Amino acid sequence: MGELDSAVIALLRKYALQNALEYDGQGQVGSVMGRVMGENPDLRSQAKQLTPAIASQVAEANALAAEKGLEHVRSILESESPDALEKKVKDRREGLPPLPNAEQGNVILRFAPNPNGPLSFGHARGVVINAEFARMYDGEVILRFDDTDAVVKPPDPDAYALIEDDFTWLAGQSPSRIIRASDRMDVYLEYAVKTLAENHAYVCQCTGDEFKEFRISKTECPCRNRPTDDNMALWSQMNGGSIPPGGAVIRIKTDMSLPNPALRDWPALRIQHVNHPMVADRYKVWPLLDFQSAVEDYLQGVTHIVRGKDLMDSTRKQTLLYEKFGWEYPETLYWGRVKIFEFGGFSTSQMKLDIAAGQYSGWDDPRLPTLRAMRRRGYDAGAMRKFWIDLGLTQKDISVPMSTLNSLNAKAVDAEAPRLSFVRDPRSIKLDISGIELTKVTLPIHPEHPDKGVREWPLGDSPLNVKIASEDFSSREPRRLKDFADIGIHHKKTVRGWTGEVGRTERVGNTPIIHWLPSNMAQPAVLLLEEEGELVAAEGLLEVNDYPDGTVVQLERMGFAILEGIEENGARRLVRLHG
């Protein structure tokens with residue numbers, strides 16, 4: 001083991017003194033080692049030599065701090081390494097990191113969902129990241145439907161159009177190409193024949209349990225060395241239907257001694273006698289995802305794959321296949337799992353069952369984490385893109401609350417959202433307005449954007465019929481009708497409900513402000529909102545307006561909502577967003 005260079009020793013001394021100063025004379029070897037390696041990656045090959053040297057320097061720095069004080073340590077750094085005293089502020093990266101080995105105008109990515117239902121919020125990451133990289137490099141992003149498994153995750157014929165629509169809305173652009181794997185079955189079967197003919201694969205007739213034993217013991221399967229002609233004959237039987245499902249699979253020849261058991265002669269195609277919703281019963285042998293995806297990525301010229309780190313074994317399997325054909329595998333990047341607190345463990349398959357059982361009204365039920373439901377609630381595509389881009393490509397598994405997205409969404413929609421009043425569970429009160437010179441109440445459409453104009457409520461004759469929320473009526477405290485008048489309610493509760501009088505009063509201190517509507521400006525409305533996990537249809541009155549369906553508004557004192565349509569009884573329907 002050679003001695004460390006004097007320059008390296010000086011570097012270790014600098015980091016050790018710096019660490020001792022930052023941690024009050026209690027510098028740690030691990031902390032210094034991390035900083036050395038992080039800022040000087042060329043030293044990683046000398047880790048074994050560095051460890052004792054760092055320990056020595058840390059001990060010396062801590063001793064100096066204990067004996068002569070931290071100011072002495074600081075004076076040494078000022079003399080020897082003044083740069084170590086500068087507080088380094090890490091620049092926050094805006095946007096995604098550069099793609100490795102990417103050429104402008106020559107980047108092709110793909111987003112490949114299973115079409116067993118529309119996209120969920122979890123899928124959104126794949127849409128956003130791939131579309132953003134394509135945008136950064138003036139490249140392409142392919143929407144590929146991986147629909148070659150009609151048994152475990154049978155495709156939903158309606159999902160193809162729903163997913164395309166979801167993709168276009170969220171990405172802000174249409175996919176460059178759309179591919180349906182089930183339409184490409186003949187291509188995959190041709191490549192299956194190629195693997196058999198070139199002795200890259202074989203027909204395995206072992207049971208799953210039998211092959212598991214071979215995999216564990218790193219022993220070759222008896223089927224592995226079968227002659228090519230015999231493999232081709234069995235292949236014909238598989239496609240002809242004479243071998244039942246489970247009776248044979250095509251395995252890619254790798255190395256049964258590979259350290260990772262998942263890579264040992266991995267399965268590429270299997271028999272499925274199934275009525276596929278898009279191609280009926282035309283095929284008896286179907287590719288597994290690792291084979292189908294590998295072949296399709298090559299044929300479409302995919303240059304970069306961005307996927308979850310749970311698919312690292314897929315990368316390894318596919319790389320082995322690429323090597324057999326002499327292909328160059330795409331650059332691959334990974335992200336860790338993101339758990340959204342409020343969404344728990346929703347799955348597309350379970351949501352479909354719950355919808356069929358009547359637990360939810362459909363894919364756009366506001367309680368579901370589908371993009372369709374979130375669009376219905378008024379989430380902005382740009383805010384959602386920023387949410388995922390800000391999270392980036394970290395491989396760490398992280399948990400984030402919906403409040404993060406809600407904050408971004410509020411910023412995105414606030415500037416354009418007109419203000420309206422909504423009175424839930426309304427009560428009527430009559431208010432004497434004699435002596436008031438006002439003939440109308442003028443309110444801003446948006447308090448922070450006067451250029452958007454005003455909304456006006458004509459007052460009419462006295463007494464004025466006013467609508468306020470039931471919860472505001474039940475209090476005897478003086479209140480202020482926002483932007484109008486102070487009132488006091490003198491009432492009592494009887495078996496028939498509340499009775500009493502309402503009168504104008506003088507404002508005292510910080511009188512609570514409540515929202516209200518004159519009767520001539522109120523239209524029946526239903527506000528759909530989630531309360532304690534249940535979808536509630538809150539009946540009330542909405543300020544008369546002529547905004548079209550799909551407009552995001554801010555209901556004063558209630559938050560954002562989106563105008564949706566008209567109920568059968570003529571009431572205007574809204575769906576609350578959040579917050």
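Structure summary
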quantity	calculated
Sum of -39500 (n - 2.57) over DSSP H runs of 4+, divided by residues of the chain (222 nm, nearest 500)	-10500 deg cm²/dmol
Euclidean distance of C-alpha centroids, the stretch 29-73 and the stretch 215-239, integer Å	58
Inter-label distance, nm, simple model (7 Å from Cα along the C-beta direction), ASP229/ALA10	7.6
Label-point gap, in nm, between ASP546 and ASP310 - each point 7 angstrom along Cα→Cβ	5.2
Karplus 3J(HN,Hα) series, Hz, for the stretch 197-212 with 6.51 cos²θ - 1.76 cosθ + 1.60 (x for Gly, Pro)	5, 8, 6, 8, 8, 8, 7, 10, 10, 6, 6, x, 5, 5, 5, 4
Average projection area in nm² (convex hull over Cα atoms of the stretch 6-85, one quarter of hull surface)	4.7
Residue among THR370, ILE398, GLN350 farthest towards the positive dipole end of the stretch 341-414, charges placed on Cβ	THR370
Magnitude of the charge dipole, the chain, Cβ model with Lys/Arg +1 and Asp/Glu -1, debye to 20	760
Charge sum, other residues only, whose C-beta stays under 14 Å from GLN46's C-beta, Lys/Arg counted +1 and Asp/Glu -1	-1
Ordering of 174-183, 67-76, 293-302 by burial proxy (mean other Cβ atoms within 10 Å per residue, highest first)	293-302, 174-183, 67-76
Per-residue Cβ neighbour rank within 10 angstrom, fewest leading, MET558, MET232	MET232, MET558
Hydrodynamic radius of the chain per Kirkwood, over alpha carbon pairs, in Å	30.1
Amide N proximity, the stretch 63-80 versus ARG35 label position 7 Å along Cα-to-Cβ, cut-off under 13 Å	74, 77-78
Amide H partners (placed H, <5 Å) of THR332, local residues excluded	ILE305
Hz values of 3J(HN,Hα) by residue in the stretch 56-62 - Karplus curve (6.51, -1.76, 1.60), Gly and Pro given as x	5, 5, 5, 4, 5, 5, 5
Net charge contributed by nearby residues that have their C-beta within less than 11 Å of ASN116 (K/R +1, D/E -1)	-3
Linear extension gain, LYS352 paired with GLU531, 0.36 nm per residue minus alpha-carbon span	62.2 nm
Gyration tensor (alpha-carbon) shape descriptor, the stretch 341-414, a/c threshold 1.5	oblate
LYS48-GLN300 FRET efficiency (beta carbon distance; Förster radius 51 Å; 0.05 resolution)	0.65
Hits among lysines - C-alpha to C-alpha of LYS68 under 22 Å, sequence gap 8 or more where chains match	LYS14
Cα-based shape type of the stretch 258-343, given that a ≥ b ≥ c are square roots of the gyration tensor eigenvalues and the cut on a/c is 1.5	oblate
Gap separating the Cα centres of the stretch 262-309 and the stretch 397-458, nearest whole Å	53
TRP516 long-range amide H proximity, modeled H, under 5 Å	LYS482
Difference of contour (0.36 nm per residue) and Cα-Cα distance, LYS430 to ALA55	126.8 nm
Charge sum, other residues only, whose C-beta stays under 14 Å from TRP235's C-beta, Lys/Arg counted +1 and Asp/Glu -1	+1
Magnitude of the charge dipole, the stretch 6-85, Cβ model with Lys/Arg +1 and Asp/Glu -1, debye to 20	300
Pairs beyond 21 Å (Cα-Cα), from LYS153/LYS352; LYS194/LYS317; LYS153/LYS324; LYS218/LYS396; LYS284/LYS317	LYS153/LYS324; LYS218/LYS396; LYS284/LYS317
FRET efficiency estimate (nearest 0.05) - Cβ-Cβ, THR168 to LYS396, R0 41 angstrom	0.85
Electrostatic dipole magnitude of the stretch 341-414 [Cβ: Lys, Arg +1; Asp, Glu -1; Cα centre; debye, to 20]	160
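Every read-out reported here was derived from the displayed coordinates using simple, explicitly stated rules and does not represent laboratory data. These numbers come from a predicted model, not from an experiment. For neighbour counting, all protein chains shown are included, and Cβ atoms are generated from backbone atoms with ideal geometry for every residue, glycine included.
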